[in-house]
């Protein structure tokens, strides 16, 4: 079962990673990155590392990806802007640097002899003891830093809409009159009628009923 999941998830993750680099819009790239993270989470669960799978799903595919999308929606990056090269030849340089880094990383991993992992000291309880014991202050400082960053993003993204002046409101009413609207407020239901219920239309000076006085849900 693990082998089948690997051969199903690996091509999806590779194709999503390639598409993340090839697409023009940053939002689509972020969504493809979320697909890669979901594939990794399922792979962790299939290999028996349920805790890593849940962390990958909740932290990376959940919180961090939502933060990426929130920043992209706030910044409003356009696809035409992402295709413009600020520096001449930066794409070629980026490809060469990426290939060089990948080659160095592959050689380093290939020549490194890793010792066998001990299953007795790699459980979830031992990890929790390290996080909430030896590294508790670093864990709390990281949590405070992330909360501060999230609050700062909310403050920077919050924009108050400018309030319209009385002159602008008057101009909009006159423009609405030219488009078939009216300047004066709508009459309230029940005015000059036999009863003042919300579904009773108001009476105009000539005795006819004003359909505009009844709310849309009561008509």
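Modelled this way, with points 7 Å down the Cα-to-C-beta line, the labels at residue 137 and residue 172 are 5.6 nm from one another. Could you list log10 I(q)/I(0) for segment 1-79 at q = 0.11, 0.17, 0.19, 0.23 Å⁻¹, which the Debye formula gives when each Cα is one point scatterer? Log-scaled intensity ratios, in q order: -0.32, -0.68, -0.80, -1.01. Modelled this way, with points 7 Å down the Cα-to-C-beta line, the labels at residue 59 and residue 103 are 3.4 nm from one another. Here the gap between residue 12 and residue 49, fully extended at 0.36 nm per residue and compared with their Cα-Cα distance, gives a gain of 11.3 nm.
Going from the fewest other Cβ atoms within 10 Å to the most, the residues 139, 101 appear in the order 101, 139. Residue separation of residue 93 and residue 145 scaled by 0.36 nm, minus their Cα-Cα distance, works out to 15.3 nm of gained length.
Readers should treat all values here as calculations from the given coordinates under stated rules, not as data from a laboratory. If you're wondering where the values come from, they're calculated on a predicted model, not measured in any experiment. Cβ coordinates were reconstructed from backbone atoms using ideal geometry, including for glycine residues, and neighbour counts include every protein chain displayed.
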